[in-house]
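Asks: Following this message is one structure expressed as structure tokens.
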Amino acid sequence: NGPAVDVLAPPPGPPTRYSALVIDVSSGETLYQVNATAVRYPASLTKMMTLYLLFEALEQGRVSKTTEIPVSAFAARQPPSKIGIRPGQSIDVESAILALAVKSGNDCAVAVAEYLGGTEEQFAAQMTARARSLGMSDTVFRNASGLPDPEQRTTARDMAILGMALKRRFPQYFHYFSERDFAFRGRTVRGHNDLLGRVEGVDGIKTGYIKASGYNIVTSVQRGSRRLIIVVMGADSAGARNAHVEQLIEKYIRAPKPAGMLSSLSPFD
């Protein structure tokens, strides 16, 4: 257990990119926020919504975990991070979930988008529509991966809403976000989230990086009866981002309920 933290270190990134938000999940109270509604690039946090729609398809019976998703040439040629599926191959839904949640595979994101939406553009429109229905009022998706697009935007607040919605709506699938590696075609594919298995109580959820966004993360952590969702966006490095998240965890995981809450945030208001 780390010591209680009274004073936070300086932000891990410049004000033009840095955002942070800490939410007490059970009450919806905002415990900490900086630039929480400022527009940011989501990077691979985008894949949380790609997975949300894939989980919906699973729950509705439109796909099963063994459904084979075909891989187009367009999907296969996406830049890294990727798992290296080739045109004409296919990937089963469960492997695709793991590739998205653990490895952040851009090739898999596009394959899922094309399979569920017809085209990635149509799927991105479905992603944006689902964002609106969840109360993510400042988010627009243009692709399923989070690769650079100047029109793809979100906020720390919206990413917190999405993180909480995934946990509440799909508790049976949330464990995928806590996996640190998975087996794929005879090899072990390792993930990017170094907080998993290292910081007590962290059980997901997603990292992201593109040059325009800096290093982003949405983190779910539970100790005892308290669960927090923490969003940090725009850090200068993965290490600085992770250290900042750890500081926020130690400061707020045992914090008393604030006398006057900053605000209440619920994806189901």
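Asks: As I understand it, the dipole of the chain uses +1 on the Cβ of Lys and Arg and -1 on the Cβ of Asp and Glu, about the Cα centre. Which of 25, 75, 219 lies farthest toward its positive end?
Replies: About the Cα centre, the residue reaching furthest to the positive side is 219.
Asks: If you don't mind, there's one more thing I want to ask. Among 103-114, 70-81, 209-220, what's the highest-first ranking by average C-beta atoms within 10 angstrom per residue? Can you show the working numbers first?
Replies: Working: 103-114: 27.2, 70-81: 16.1, 209-220: 22.8.
For the peptides 103-114, 70-81, 209-220, the packing ranking is 103-114, 209-220, 70-81.
Asks: Mind pulling the angle between the C-alpha long axis of helix 106-117 and the longest principal axis of the chain? Nearest 10 degrees, somewhere in 0 to 90.
Replies: Here the helix axis deviates by roughly 70 degrees.
Asks: Of 47/82; 82/167; 82/211; 47/211, which sit over 20 Å apart, Cα to Cα?
Replies: On the way: 47/82 13 Å; 82/167 25 Å; 82/211 17 Å; 47/211 17 Å.
From the list (47/82; 82/167; 82/211; 47/211), the Cα-Cα distance tops 20 Å for 82/167.
Asks: So what's the angle, to the nearest 10 degrees on a 0 to 90 scale, between helix 47-59 and the longest Cα principal axis of the chain?
Replies: 60 degrees
Asks: For residue 137 and residue 153 in the same chain, what is the full-extension length gain: residue separation times 0.36 nm, less their Cα-Cα distance, in nm?
Replies: On the way: separation 16, 0.36 × 16 = 5.76 nm, distance 1.07 nm.
Answer, rounded to one decimal: 4.7 nm.
Asks: Please give the direction-averaged projected area of the C-alpha convex hull for the chain, in square nanometres with one decimal.
Replies: Working: hull surface 53.8 nm².
Averaging across all directions leaves 13.5 nm² for the Cα convex hull.
Asks: How large is the Kirkwood hydrodynamic radius of the stretch 27-116, in angstrom, based on all distinct alpha carbon pairs? Walk me through the intermediate numbers first.
Replies: Values: mean 1/r = 0.0707 Å⁻¹.
Its Kirkwood hydrodynamic radius stands at 14.1 Å.
Asks: What value in Å³ per residue do you get for the convex hull of the alpha-carbon atoms in the stretch 181-248?
Replies: On the way: hull volume 6.5 nm³, N = 68.
With only Cα atoms used, the stretch 181-248 gives 96 Å³ per residue.
Asks: Moving on. Students often check this: by mean Cβ neighbours within 10 Å, which of 93-99, 115-121 ranks highest, and how do the rest follow? Display every interim value, and only then the final one.
Replies: Values: 93-99: 22.7, 115-121: 17.1.
Top of the packing list down: 93-99, 115-121.
Asks: At 1.4 Å probe size, with no ligands or nucleic acids counted, give the accessible surface of residue 192 in Å², nearest ten.
Replies: 70 Å²
Asks: Hey, another quick one. For residue 206, give me every one of the aspartates and glutamates with a C-alpha distance below 16 angstrom, ignoring sequence neighbours fewer than eight places off in its own chain.
Replies: Within the straight-line limit of under 16 Å, residue 206 reaches these aspartates and glutamates: 158, 179, 181, 194, 246.
Asks: Just report the Cα centroid separation between the stretch 49-114 and the stretch 127-153, whole Å.
Replies: Cα centroid to Cα centroid, the span is 18 Å.
Asks: Can you list the HN-Hα couplings for the stretch 69-79, worked out from phi with the Karplus curve (6.51, -1.76, 1.60; θ = phi - 60°), rounded to whole Hz and with x for Gly and Pro?
Replies: With coefficients 6.51, -1.76 and 1.60, one gets 9, x, 10, 7, 4, 5, 5, 5, 8, 5, x Hz.
Asks: Need one number: nm distance between label points at residue 211 and residue 122, each 7 Å from Cα along Cα→Cβ, rounded to one decimal.
Replies: 3.4 nm
The values are calculated or read from the model by the stated rules, or taken from the named source; none is laboratory data. This is a predicted model, so every value here is computed, not measured. Positions of Cβ are generated from backbone atoms using ideal geometry, with glycine treated the same way; all protein chains shown enter the neighbour counts. Ligands, DNA and RNA are excluded from the accessible area calculation, which covers all protein heavy atoms including side chains. Shrake-Rupley method; radii C 1.70, N 1.55, O 1.52, S 1.80 Å.
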